[in-house]
1. Of the residues ILE88, ILE79, which single one is buried (at least 16 other Cβ atoms within 10 Å of the Cβ), under 15 Å from the mean Cα position of the chain (by Cα) and at pLDDT 95 or above?
2. Would a scan of segment 256-273 turn up a residue that is under 24 Å from PHE101 (Cα atoms), touching a Pro at 6+ places or on another chain (Cβ under 9 Å) and not hydrophobic (A, V, I, L, M, F, W, C)?
3. Taking only pairs six or more apart or across chains, which ones have beta-carbon atoms under 6 Å, a first residue in segment 79-91 that is within 17 Å of LYS213 (Cα to Cα), and a second residue that is part of a strand (DSSP E or B)?
4. Filter the strands (runs of 3 or more DSSP E) completely within segment 214-316 down to those with at least 1 residues that are of a type in the set (Val, Ile, Thr).
5. I'd like to know if segment 180-201 contains one or more residues that are on the phi < 0 side of the Ramachandran plot, without any contact (Cβ under 8 Å) to a residue 40 or more places away in the chain and among the small types (Gly, Ala, Ser).
6. Going by what's in this entry, would GLU8 be described as touching a Pro at 6+ places or on another chain (Cβ under 9 Å) and modelled with pLDDT under 90?
7. Determine whether segment 229-240 contains at least one residue that is among the β-branched types (Val, Ile, Thr), more than 30 Å from SER317 (Cβ to Cβ) and either in the same structural domain as THR310 (by TED's automatic domain parsing) or without any contact (Cβ under 8 Å) to a residue 24 or more places away in the chain (or both).
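The values are calculated or read from the model by the stated rules, or taken from the named source; none is laboratory data. No experiment lies behind these values; they were computed from the predicted model shown. FYI the Cβ positions are ideal-geometry reconstructions off the backbone, even for glycines, and counts take in every protein chain you see.
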Amino acid sequence: MRVYLECEGPVFAGQKRLHDNVLTSREDIPGSIIRASLARSILKKCPLFRFDEADPLGRYNWVYVRDEEKCAGCLQYEICRSFSDWKIGFLRPEGIEVLSFHDRVCKNNKSHGIHTGNDTRCRICGGRLEGASGWKKDGQIYEFKRIRTTRTAIDKYTGTAQEGTLHSVEAIYDPDILWVFEAENVPEGVFRPGDVLRLGKYTAVGYGHFVVKKTEEGLKEKSLNISGSEISLMLETEALLPQDAFDNEPVSNEEYINKWNGILFRGLKSLKFISLQAETDVYRGYDTTRGWGNSLKEPYLTIEKGSTFTFEIADLSQAEGEILNLLNNGIGHETENGYGRLKIINEGGQICNE
């Protein structure tokens, strides 16, 4: 299922903070934020919900069947029964794609369009090319429109601005775009035209109010058209790994490749992992299923979107199944929330499995 949304105002989804007094929204919204919004809405209607009670797996604020006998006749029974099986992808504007590490732009004029890794000079002016990161749409760099506001907190004792709380919030604000995400295993009627989803931070003051415009049943079947002895896969969304997945000890190129292979691609028989272009970072987010006052996650390693992994194909007939498995299931942790999604790219860095 594809769900299309319009945002009625600015939206802010947290990311790594670069400065203490400037908060900048990320540009796509992970499925975990959508899932948390849906859980909040569902649990508000549940008479058996207790905020201080965990599910059998120790998760707080989670949607599940709390009492089989009492819940059997509830209108939300099927939703609660299947909630843990839902797969929810990242929310982003319709039609945009991630810039791969192969993509280039003209150093003199970025409006000259996206160039592939096969280009040596700008096709328009013949100028030099440089790498680019972010998003593209219709062959051009895509930039999000933003709005910046300044906020503070009020000291409840003095009624004046609280010291050290003045900060700026830079949110996404473009009411003309249509947003879309993919969802699987979700019961009928969860997303209905006109429904409101409140996503991200500051929803109490009007941020992140999305309205469902339409849904499309069924997702595109992934088809493969592979030729040659190598294939490259690009991360469409960042992948999550434990922070201790890698250490800082110097290793040879071969040992480095073997480390990546053992962490992400263990068990592949017809694909041999031979090279990568990847950018990593460390991030520590929040998880409301950890309980009140304990929502800060352990730090984890992120492999940034646009990172590329190249494989040598040993047996094409068997490799197709392994490639489809990677495309359908992703890599790393929290793939059910849209993390670690892969796409096939060609030698020029363009997506070619759509």
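1. Working: ILE79 fails: under 15 Å from the mean Cα position of the chain (by Cα).
Going through ILE88, ILE79 in turn, the sole match is ILE88.
2. no
3. LEU91/ILE29; LEU91/TRP179; LEU91/PHE181
4. Numbers: elements: 230-235, 239-242, 271-277, 280-283, 300-303, 308-313.
Once the strands (runs of 3 or more DSSP E) in segment 214-316 are filtered for at least 1 residues that are of a type in the set (Val, Ile, Thr), what remains is 230-235, 271-277, 280-283, 300-303, 308-313.
5. Here is the first cut: in segment 180-201, the residues on the phi < 0 side of the Ramachandran plot are 180-184, 186-188, 190-193, 195-199, 201.
Still in the list and also without any contact (Cβ under 8 Å) to a residue 40 or more places away in the chain: 188, 192-193, 195-196.
Add one more test, that the residue is among the small types (Gly, Ala, Ser), and what stays is none.
So far as segment 180-201 goes, no, none of its residues is on the phi < 0 side of the Ramachandran plot, without any contact (Cβ under 8 Å) to a residue 40 or more places away in the chain and among the small types (Gly, Ala, Ser).
6. Numbers: touching a Pro at 6+ places or on another chain (Cβ under 9 Å): yes; modelled with pLDDT under 90: yes.
Answer is yes for this residue.
7. First, the residues of segment 229-240 that are among the β-branched types (Val, Ile, Thr): 231, 237.
Still in the running and more than 30 Å from SER317 (Cβ to Cβ): none.
Checked segment 229-240: no residue is among the β-branched types (Val, Ile, Thr), more than 30 Å from SER317 (Cβ to Cβ) and either in the same structural domain as THR310 (by TED's automatic domain parsing) or without any contact (Cβ under 8 Å) to a residue 24 or more places away in the chain (or both).
For every residue, the table says whether it meets (1) of a type in the set (Gly, Ala, Ser); (2) at pLDDT below 90; (3) under 29 Å from ILE29 (Cα atoms).
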site	(1), (2), (3)
ILE226	no, yes, no
GLU238	no, no, yes
ALA245	yes, yes, yes
LYS269	no, no, no
LEU296	no, yes, yes
